[in-house]
Each structure stands twice: as structure tokens, then as C-alpha cells.
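Everything on this sheet refers to the single structure shown next.
The values are calculated or read from the model by the stated rules, or taken from the named source; none is laboratory data. All values derive from a computational prediction rather than experimental measurement. Cβ placement follows ideal geometry from the backbone for every residue including glycine, while neighbour counts extend to all protein chains displayed. Accessible surface is based on the protein model in full, side chains and every heavy atom, while ligands, DNA and RNA are left aside. Shrake-Rupley method; radii C 1.70, N 1.55, O 1.52, S 1.80 Å.
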Amino acid sequence: MKWVTRENVHVDRVACPWLIKRFVDPQADFLFVSPDRIREVVEREGAIPYDATGVELGHHGDKCSFDAIIEGYKLTDPALLELAKIVRAADTNKLEYAPESIGLEAIASGSMMLAKDDHEAIEKQSYVYDSLYAYCKLRLVKQKYASEIERLEPKQRREFLRVKVREESL
């Protein structure tokens, strides 16, 4: 399926393709156009619009497009819901809601200075979102297994956490 959004990606327009590819549509093809061409591309290509004015998968109230996709596609992974808090804080400039969002905003801004286009920015930043997703899983695993983790030596603890993050369906 084709998906279309505004060109010159930043936090939400990088996070959404990561989310779509990983959890909604692994074969997704992304188109980046000027805001005034989105409707035309939707009609011509049959593309799904996101993170644009007036679209279902866009900003609504305090929530960003990443949230709209999670809700629209009924994604319930707890780690993904934690990641959404970080993306929302960075994208809506409410950095106090998730301290990690400060780093995400910095990475997004710097990446756009290095990437030659929107596709390259998404490709390069996908690792960041994979890492943040693993970090969110790690936080949840630490909560779930707190008493077991306490009893382990540091080296055993690290390996225990690595295994649980990789295998855990939270």
C-alpha cells in the first residue's frame, strides 16, 4: 500500500513510517509531497494520508499522528504505547512529558541536516526507533521481573534482561 505525508520529515513523520512498516504494513511505500498536493496524491495513487491537516491519521487534540495510527490499527503492545509517549512529547514540543523526547528531538533535527532526502532520513533513524522500542520493552521487563532481577549479579542481570527484552511479548 502507498502512504503519503508532507515532505521534510521530522519526529512524527519519521516515527510513523517506522510504526507502519513494523506493525501495520511491512510492504508500505511512502510518498512525501508538499502539503497542497496530498489530496491529489491520495486520489491519483490511492495512498493513505497521515500526519497532514484534516486527515484521520493526523494530529487530534494533544495526540500526534503516531497515536492516531496506534489507535486506528488497534495496536496494543505496551512497549509501543510507552514509545508513543516519547514520540508525542517530542513531536508536540511538550518535552517535559517524557525526558527521552529531548534526545529524540535533537536526533531528528540533526539527522535532517545529514540526510539527502526524506527516505534516507527514515532509513537512518529507523535504528533509533528500534532502540527506543527496545528501551521501552526493557523498562516494562524491569517492572515485571523486579524481584527476580534484584537477586541476580550484575552480569547475570544484564543477560537476563537481554533475553527477556528479545523474547517478551508484553
Just to be sure, is Arg88 open to solvent by 20 Å² or more (accessible area, probe 1.4 Å), closer than 18 Å to Gln125 by Cβ, in contact with a strand residue (DSSP E or B) (Cβ under 8 Å, 6 or more places away or on another chain) and not β-branched (Val, Ile, Thr)? yes
The condition of being open to solvent by less than 50 Å² (accessible area, probe 1.4 Å) and over 14 Å from Arg13 (Cβ atoms) holds, among Glu82, Glu120, only for Glu82
Of those in region 1-45 that are among the polar types (S, T, N, Q) and touching a residue at least 40 places away in the same chain (Cβ under 8 Å), the residue most open to solvent (accessible area, probe 1.4 Å) is Asn8
Expected single match for within 18 Å of Thr5 (Cα to Cα), surrounded by fewer than 22 Cβ atoms within 10 Å (Cβ to Cβ) and not β-branched (Val, Ile, Thr) among Ser111, Ser126, Ser131 is Ser126
- Message: Regarding region 51-58, can at least one residue be identified that is outside any strand (DSSP E or B), out of contact with any Lys or Arg (no Cβ under 7 Å at 6 or more places or on another chain) and surrounded by 15 or more Cβ atoms within 10 Å (Cβ to Cβ)?
- Response: yes
Counted residues in region 66-110 being in contact (Cβ under 8 Å) with a residue 40 or more places away in the chain and in a loop (DSSP other than H, G, I, E, B) come to 3
